[in-house]
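Here the structure comes first, spelled out in structure tokens, and everything after it is commentary.
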Amino acid sequence: MTSVTLIDTSRADPSIIRLAVEMPGKPGQLYCWDQNKSLTTIAEEVCHMYNIGNPGDYALQHTDVKLTYITEDNRSELTNGIVLKLTDSPGKTAQDVFSNLQSENPEDTQQALQKLSKASADITFAQEFCNRGGGDLLIGMVEEGSGQGEALAFTLASFLELMEHSIIPWENITMKFIKRIASYVNRTHSAVLQPGDSTVTLKALAILESLILSSADLYNTIANELTFQNLVPHLESNKHPVIQQYCLALMNALCLRAPEDRKKKLEDSLSSKEIRTVIMEKIVRSQSVGTEMQHQLYVFQQLTFNLLEKKMNTKIDSNNDKHRENIIDLRRIAFGTDSDTRKPGSGSVSANDYKKLGFTNTGNPTLDFMAVPPGILALDCMYYFATSHNESYTKVVLENSCRADEHECPFARTSIALTRILCEILKVGEAPTETGQDYFPMFFSCDNAFKEFFCQCIRLFN
């Protein structure tokens, strides 16, 4: 007969943990867990307490929401006073679920899917299930489109959990599977009527994001099925903040992993007024923004800032007509001067005007924009200030041109330095971090947000 220690009388042995064990339909039992005993021996002892045979079919499990099985990897985390549950072993549970998923009885399949959606969070169970071909079985079920409503929600939730354990080989993901998942994202809201359909949308968004971040080979297949235009309705769905969060995460993932041939199209989407307005009105202003949503807003903001990187690191081209004309327009707008020449700095009068504007190279002001950063981004900001805030620009320039040297704030030199500083502060060109959460609502509130920020700052400097 097996000898079971129920009480550690000395209470001095650190390898003995005093805990309780429960089993559905039976009273709980006190048990002294001996860390020196194997898990097989412990399972045999607990089964003996409950007069149960076949101890190999049973295992101990936490009773919390995650229902984690006790394994050699986590047994050291057990503490006095916890409650464990005697339940079917991971292998037996996986086999039962796998078999019932193939049952012709819809109720058996539904129950198996519900059980799978909870059990898949545990890595031990997940490995047992996938070892039996469970991952491929779920992929096939999705491809066939046999499930809907809650059954489909359980299927996608289960698959997402298995993906997060990194035990689904990427080569098993088929184009047909991706098209089916994308269809759940692209369908119109009027088609979402059944119980569980909001969960289907959420899980589909999460699966696509995870696939994009994890496999470069799958990017084009996924991107071919999605457009930002089809994702916008999910951003507008402020009755479902979690769907908004996963939708924004998917948008961010599409931009983060975009190959060169797709970047231009996605950059246009990032700077879209429609998307920016939806984020501002439906997310930033309409709810208490949670931690994960803060991170996604930060990532979106950083990706938007990074659209400026190319200009920030590009020197001015003295042969570029547009650049030359913008510099000439800075002088014309400030002093009301019409010049016959289209060459900045030509003539003593224009050189004096460029000195008043604060340029260092008054004979050829294009040379002031050779330093990178901020490159031609500084000229863009200055020109935007002059054309979009005409009165403020004229005031800043004229006030500075009348000041004594010790009080001057030369517009051009200040603008170039300010643009560089703003790029440093806002980390233009840097990849978003995994933990960043700092986002600024003002950058979602208007078009040309960086340039507007520049305009506010240059006024303050003056």
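Among the residues of the stretch 122-166, those that are loosely packed, with under 15 Cβ neighbours inside 10 Å and more than 23 Å from residue 201 (Cα to Cα) comprise 131, 133.
On inspection, residue 274 qualifies as surrounded by fewer than 18 Cβ atoms within 10 Å (Cβ to Cβ) and either more than 26 Å from residue 162 (Cβ to Cβ) or of a type outside the set (A, V, I, L, M, F, W, C) (or both). Any residue at all in the stretch 124-144 that is over 28 Å from residue 226 (Cα atoms), at pLDDT 95 or above, over 27 Å from the mean Cα position of the chain (by Cα) and not in a helix (DSSP H, G or I)? Yes: the stretch 124-144 contains one or more residues that are over 28 Å from residue 226 (Cα atoms), at pLDDT 95 or above, over 27 Å from the mean Cα position of the chain (by Cα) and not in a helix (DSSP H, G or I).
Only one of the numbered conditions (1) assigned to a helix (DSSP H, G or I); (2) over 22 Å from the mean Cα position of the chain (by Cα); (3) closer than 23 Å to residue 114 by Cα is not met by residue 176, and that is (3). Of everything in the stretch 187-242 that is among the charged types (D, E, K, R) and modelled with pLDDT under 90, the residue that is surrounded by the fewest Cβ atoms within 10 Å (Cβ to Cβ) is 239.
Taking helices (runs of 4 or more DSSP H) as the structural unit, those lying wholly within the stretch 375-447 and holding at least 3 residues that are more than 22 Å from the chain's Cα centre (by Cα), at pLDDT below 95 and farther than 25 Å from residue 313 by Cα correspond to 390-401. Among the residues of the stretch 37-79, those that are exposed (fewer than 12 other Cβ atoms within 10 Å of the Cβ), in a loop (DSSP other than H, G, I, E, B) and of a type outside the set (D, E, K, R) comprise 38, 51, 53, 54, 65, 79. Evaluating residue 150 against the criteria (1) at pLDDT below 95; (2) touching a Pro at 6+ places or on another chain (Cβ under 9 Å); (3) more than 28 Å from residue 230 (Cβ to Cβ) leaves one unmet condition, (3).
Selection of the stretch 352-371 for residues being crowded, with 16+ Cβ neighbours inside 10 Å and not in a helix (DSSP H, G or I) yields 357, 358, 359, 361, 362, 364. Among residues of the stretch 256-270 that are over 21 Å from residue 434 (Cβ atoms), those with a Cβ under 8 angstrom from a residue that is crowded, with 17+ Cβ neighbours inside 10 Å and small (Gly, Ala, Ser), sequence gap 6+ or separate chain, pair up as 262/223. Answer yes or no as to whether residue 395 is over 23 Å from residue 354 (Cβ atoms) and either surrounded by 13 or more Cβ atoms within 10 Å (Cβ to Cβ) or basic (Lys, Arg) (or both). It is false that residue 395 is over 23 Å from residue 354 (Cβ atoms) and either surrounded by 13 or more Cβ atoms within 10 Å (Cβ to Cβ) or basic (Lys, Arg) (or both). Filtered by the rule that a residue be buried (at least 20 other Cβ atoms within 10 Å of the Cβ) and in contact (Cβ under 8 Å) with a residue 60 or more places away in the chain, the stretch 372-392 gives 373, 374, 375, 376, 377, 379, 380, 381, 385.
Looking at residue 171, is it closer than 24 Å to residue 127 by Cα, modelled with pLDDT under 95 and either under 17 Å from the mean Cα position of the chain (by Cα) or in a helix (DSSP H, G or I) (or both)? Yes, satisfied.
Of the set (1) loosely packed, with under 14 Cβ neighbours inside 10 Å; (2) outside the structural domain of residue 124 (by TED's automatic domain parsing); (3) modelled with pLDDT under 95; (4) not hydrophobic (A, V, I, L, M, F, W, C), all apply to residue 8 but (1).
Of the residues making up the stretch 201-215, at least one is closer than 27 Å to residue 171 by Cβ and not in a helix (DSSP H, G or I). Within the stretch 285-305, being buried (at least 16 other Cβ atoms within 10 Å of the Cβ), more than 12 Å from the chain's Cα centre (by Cα) and not aromatic (Phe, Trp, Tyr) holds for 289, 304. Please work out if residue 201 is closer than 20 Å to residue 236 by Cα and touching a helix residue (DSSP H, G or I) at 6+ places or on another chain (Cβ under 8 Å). So residue 201 fits the description; yes. From the residues in the stretch 306-324 that are aliphatic (A, V, I, L, M) and within 25 Å of the chain's Cα centre (by Cα), which one is surrounded by the fewest Cβ atoms within 10 Å (Cβ to Cβ)? Selected residue: 307.
The values are calculated or read from the model by the stated rules, or taken from the named source; none is laboratory data. Since this is a predicted model, take the numbers as computed values, not measurements. Note that we place each Cβ from the backbone using ideal geometry, even for glycine, and neighbour counts take in every protein chain shown.
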